[in-house]
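The values are calculated or read from the model by the stated rules, or taken from the named source; none is laboratory data. Everything numeric here is computed off the predicted structure, so don't read it as measured data. Glycine also receives a Cβ, built like all others from the backbone with ideal geometry; neighbour counts cover every protein chain displayed. When the accessible area is computed, the model is the full protein with side chains, heavy atoms only, and any ligands, DNA or RNA have been set aside. Shrake-Rupley method; radii C 1.70, N 1.55, O 1.52, S 1.80 Å.
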Amino acid sequence: MNFIWFCLVSYGLTQILVYGKILDPIRPTKGKFGELFKCPMCTGFWVGVFLWFVKDYTQLINFDNSFITCLLLGFASSAAAYIGGMVFGDDGIRIEKKVFIERDEQ
């Protein structure tokens, strides 16, 4: 359950940092930070690292103090941001319809 909470929190924070309208006036648009805040996977990694640093201030998520754990949580947070972005959109759950055209074989 600890890891599920971590993924949900990291996905939510990443979405706010990358897409939140309230942050438009202060979100960087140029340079390395501008590139970082355009990419949910990149921002998601750093959100995971941030959450590892603040874990001692909450009982919601608990992980050890290992640097390897920090990296793994960054990777997991990046994956959560990617998967969440692929599953959910502004209109809810994304459902893409594939249209297959049958070809007559001669």
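Points to keep in mind about this one:
- Here C70 fits the description: open to solvent by less than 40 Å² (accessible area, probe 1.4 Å) and within 17 Å of the chain's Cα centre (by Cα).
- Near pairs, Cβ below 9 angstrom, 6+ apart or cross-chain, from the stretch 68-94 (assigned to a strand (DSSP E or B)) to any residue that is open to solvent by 100 Å² or more (accessible area, probe 1.4 Å): F88/R94
- In summary, I61 fulfils each of the numbered conditions (1) in contact (Cβ under 8 Å) with a residue 60 or more places away in the chain; (2) under 17 Å from the mean Cα position of the chain (by Cα); (3) surrounded by 14 or more Cβ atoms within 10 Å (Cβ to Cβ) with the single exception of condition (1).
- Of the helices (runs of 4 or more DSSP H) contained entirely in the stretch 1-58, those carrying at least 1 residues that are touching a residue at least 12 places away in the same chain (Cβ under 8 Å) and surrounded by 11 or more Cβ atoms within 10 Å (Cβ to Cβ) fall at 2-19, 40-53.
- For V87, the requirement of being β-branched (V, I, T) and surrounded by 15 or more Cβ atoms within 10 Å (Cβ to Cβ) is not met.
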